[in-house]
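Note sheet for the following structure.
The values are calculated or read from the model by the stated rules, or taken from the named source; none is laboratory data. Keep in mind the model is a prediction, meaning the values are calculated, not measured. Keep in mind that these areas ignore ligands, DNA and RNA; they rest on the heavy atoms of the full protein, side chains included. Shrake-Rupley method; radii C 1.70, N 1.55, O 1.52, S 1.80 Å.
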Amino acid sequence: GEVLVVIGPSGSGKSTLLRCVNLLEPIQAGRIFFEGEEITRDGVDVSAVRQRIGIVFQQFNLFPHLTVIDNLTLAARRIRKLPRAEAEQRARELLDVVGLPEKAGQHPHQLSGGQQQRVAIARALMMSPKVVLFDEVTSALDPELVGEVLVVMRDLARGSGTTMLVVTHEMHFARDVGDRVVFMDGGKIVEQGR
């Protein structure tokens with residue numbers, strides 16, 4: 001249930017750290033443990049690990065040809081084999097959480113950037129992950145849209161008990177929501193604390 005905020009200058013390795021945690025990037029040294037299991041060992045089931053770790057990218061990465069509801073339910077139906085009705089019910093609950101219940105039938109191009117990012121957050125929550133990684137989710141947004149995404153993340157941090165690893169340049173958000181802060185520079189953790 002902890003919110004760990006990762007800050008540091010551009011190019012310091014923050015996004016790479018998240019990509020390593022989600023096994024999208026191979027590591028050269030060290031080990032990563034998740035729920036007591038070393039996920040960087042040879043032979044680990046990468047797909048099984050990724051089902052327990054949600055990730056929200058800087059760019060929304062929504063499928064443009066799918067409606068919002070289909071973007072949310074695709075993985076749950078294909079990977080978890082959830083029946084469509086059950087997946088759609090969960091998706092509608094999550095759209096309520098992110099404040100977009102009326103957008104279920106729309107396509108990504110019909111949404112603002114902030115709305116697309118909130119859909120991406122709902123999609124990451126769809127598989128009920130144990131931890132959600134947020135990779136500078138407000139950096140691609142117009143300044144007036146940043147607040148609506150941060151409100152959703154703040155509510156998620158305070159109400160869900162979901163563990164969050166957040167890379168951000170939003171210092172007020174880091175101070176308000178973070179339980180711990182990690183400062184990175186040159187690919188290394190330089191400082192960390194409450």
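Tabulated results
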item: Too-long pairs where the Cα-Cα distance tops 30 Å, listed order kept, from LYS14/LYS81; LYS103/LYS188; LYS103/LYS130; LYS81/LYS188; result: LYS14/LYS81; LYS103/LYS188; LYS81/LYS188
item: Residue-by-residue Karplus 3J(HN,Hα) for region 179-194, coefficients 6.51, -1.76, 1.60, Hz, glycine and proline x; result: 7, 9, 10, 10, 10, 10, 7, x, x, 10, 7, 8, 8, 8, x, 6
item: Radius of gyration and maximum dimension Dmax of region 38-132, Cα, Å; result: 13.7, 45
item: Residue-averaged [θ]222 nm for the chain, counting only DSSP H segments that reach four residues, each worth -39500 (n - 2.57); result: -12000 deg cm²/dmol
item: For region 89-194: rounded, prolate or oblate by the Cα gyration tensor [a/c cutoff 1.5]; result: prolate
item: Accessible area, probe 1.4 Å, largest first, for residues ILE27, ILE32, ILE189; result: ILE189, ILE27, ILE32
item: Mean separation of Cα contacts under 8 Å, 6 or more apart, over the residue count of region 68-114: relative contact order %; result: 44
item: Mean accessible surface per residue for region 6-103, computed with a 1.4 Å probe while every protein chain stays in place, in Å²; result: 56
item: Descending Cα extents along the principal axes, region 1-83, whole Å; result: 39, 33, 26
item: Rg in Å to one decimal, and Dmax rounded to a whole Å, for the chain via C-alpha atoms; result: 16.5, 48
item: Of all accessible heavy-atom area on region 37-107, the percent that carbon and sulfur account for (1.4 Å); result: 51
item: Principal-axis tilt of helix 113-125 within the chain, Cα atoms, nearest 10 degrees; result: 80
item: Solvent-accessible ranking of HIS169, HIS109, largest area first, probe 1.4 Å; result: HIS109, HIS169
item: Rounded to 10°, Cα long-axis angle of helix 68-78 versus longest principal axis of the chain; result: 70
item: Folded to 0 to 90 degrees: helix 84-97 orientation relative to the chain principal axis, Cα; result: 70
item: Residue order for LYS103, LYS130 - accessible surface, 1.4 angstrom probe, largest first; result: LYS130, LYS103
